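A.B. asks: Below is the structure I would like to discuss, written out as structure tokens.
The values are calculated or read from the model by the stated rules, or taken from the named source; none is laboratory data. Only a predicted model underlies this, so the values are computations on that prediction, with no experimental measurement involved. Don't worry about glycine lacking a Cβ; one is built from the backbone with ideal geometry, like all the others, and counts go over all protein chains shown. Note: areas computed on protein heavy atoms with side chains; ligands, DNA, RNA excluded. Shrake-Rupley method; radii C 1.70, N 1.55, O 1.52, S 1.80 Å.
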Amino acid sequence: MTVLFYSTISEEYAEKIEGVIAKAIPTAKIEIHRSIESLAQKIRQPEEEKNLLLLALHRREDLKEILGIRTIVENFRTVLVLPDQERETIAAAHQLRPRFVTTLDGDLEELAAVLKKMTLT
């Protein structure tokens, strides 16, 4: 399994999430994308295996960029790490039909448990 990890958050926090992914899914290949263009290009390539998409977003504007490519993202099992819990942010995020949503100040252990469970389905 490949985890496509798109991150606009700080390098330090991104490394923590990367560690969570590695711990929860030890056999996963983690592919990091820091630009929307890089992510979109990767997503458009045909894949043989099921991939998981983890989006860790620093600003609400980052979410708006992702929504701009939602037609190619919607076929992925998606996990979102959002910048805040504002009603507007959560409503916009649900347009992506994520399997799980948390925030930057959310529980990383809960994120790990969800990722692990997602690999079993």
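A.B. asks: Looking at segment 52-63 only, could you name the residues that are crowded, with 17+ Cβ neighbours inside 10 Å and over 15 Å from Thr2 (Cα atoms)?
C.D. replies: Let us first name the residues in segment 52-63 that are crowded, with 17+ Cβ neighbours inside 10 Å, namely 52-58, 62-63.
Once the filter is applied, which keeps residues that are crowded, with 17+ Cβ neighbours inside 10 Å and over 15 Å from Thr2 (Cα atoms), segment 52-63 yields Ala56, Leu57, His58, Asp62, Leu63.
A.B. asks: Same structure again: With the requirement that a residue be surrounded by 12 or more Cβ atoms within 10 Å (Cβ to Cβ) and farther than 25 Å from Pro46 by Cα, what does segment 73-92 give you?
C.D. replies: Val81, Leu82, Pro83, Asp84, Gln85, Glu86, Thr89, Ile90, Ala92
A.B. asks: Turning to a different aspect of this structure: Any idea how many residues of segment 100-119 are aliphatic (A, V, I, L, M) and not in a helix (DSSP H, G or I)?
C.D. replies: Here the count works out to 2.
A.B. asks: Can you tell me which of Leu96, Leu80, Leu115, Leu104 is over 21 Å from Glu15 (Cβ atoms), touching a Leu at 6+ places or on another chain (Cβ under 8 Å) and of a type outside the set (Lys, Arg)?
C.D. replies: Leu96
A.B. asks: Given the condition among the aliphatic types (A, V, I, L, M), in contact (Cβ under 8 Å) with a residue 24 or more places away in the chain and either touching a Lys or Arg at 6+ places or on another chain (Cβ under 7 Å) or exposed (fewer than 13 other Cβ atoms within 10 Å of the Cβ) (or both), answer yes or no: does some residue in segment 28-51 qualify? Spell out the reasoning first.
C.D. replies: Keep residues of segment 28-51 that are among the aliphatic types (A, V, I, L, M), which gives 28, 30, 32, 36, 39-40, 43.
Now narrow it down to the ones that are in contact (Cβ under 8 Å) with a residue 24 or more places away in the chain: 28, 30, 32, 36, 39-40, 43.
Among the residues that remain, those that are also either touching a Lys or Arg at 6+ places or on another chain (Cβ under 7 Å) or exposed (fewer than 13 other Cβ atoms within 10 Å of the Cβ) (or both) are: none.
No: segment 28-51 contains no residue that is among the aliphatic types (A, V, I, L, M), in contact (Cβ under 8 Å) with a residue 24 or more places away in the chain and either touching a Lys or Arg at 6+ places or on another chain (Cβ under 7 Å) or exposed (fewer than 13 other Cβ atoms within 10 Å of the Cβ) (or both).
A.B. asks: Taking the residues in segment 99-120 that are open to solvent by 40 Å² or more (accessible area, probe 1.4 Å) and of a type outside the set (A, V, I, L, M, F, W, C) as candidates, determine which candidate is modelled with the lowest pLDDT.
C.D. replies: Thr119
A.B. asks: Within segment 9-27, take every residue that is touching a strand residue (DSSP E or B) at 6+ places or on another chain (Cβ under 7 Å) and touching a residue at least 40 places away in the same chain (Cβ under 8 Å) and give me the one that is farthest from Leu111 (Cα to Cα).
C.D. replies: Within segment 9-27, the match that is farthest from Leu111 (Cα to Cα) is Ile9.
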